[in-house]
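First the structure, in the form of structure tokens, and then the observations on it.
Just so it is clear, none of the values below were taken in a lab; they were calculated from the coordinates. Since this is a predicted model, take the numbers as computed values, not measurements. Every residue, glycine among them, receives a Cβ derived from its backbone with ideal geometry; neighbour counts consider all protein chains shown.
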Amino acid sequence: MATWTWRTVTSTRREWEVPAAEPWGAFLGDIRGALLAASIAYREAHGLPEDAPLTDDALRFKVTDDAILISFTTETPAP
């Protein structure tokens with residue numbers, strides 16, 4: 001008798017890219033706008049009310065050579 005199972009999970013990462021070219025980097029307004037859009041999308045993806053606070057690990061920030069990426073990942077099990 002098998003004591004294991006398997007599943008397929010599809011991951012989707014949504015990203016917002018804010019230009020941050022040298023020598024000055026990103027503009028605060030652009031970062032705020034992208035953060036707001038990502039926060040709204042995160043709440044919608046997780047069925048949270050629009051005024052629900054986000055946990056500290058809800059969104060990820062990554063700095064690349066010429067941009068700041070804001071992202072989150074959702075997973076969907078296969079039917």
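Tell me the strands (runs of 3 or more DSSP E) entirely within the chain that contain at least 2 residues that are of a type in the set (Lys, Arg), in contact with a strand residue (DSSP E or B) (Cβ under 9 Å, 6 or more places away or on another chain) and surrounded by 10 or more Cβ atoms within 10 Å (Cβ to Cβ).
Correct list: 9-19, 60-63.
Six or more apart or on different chains, Cβ under 8 Å: which pairs go from a residue in the range 44-67 that's of a type in the set (A, V, I, L, M, F, W, C) to one that's part of a loop (DSSP other than H, G, I, E, B)? Could you list them?
Once the first residue is of a type in the set (A, V, I, L, M, F, W, C) and sits in the range 44-67, its partners that are part of a loop (DSSP other than H, G, I, E, B) give 63/20; 67/20; 67/26.
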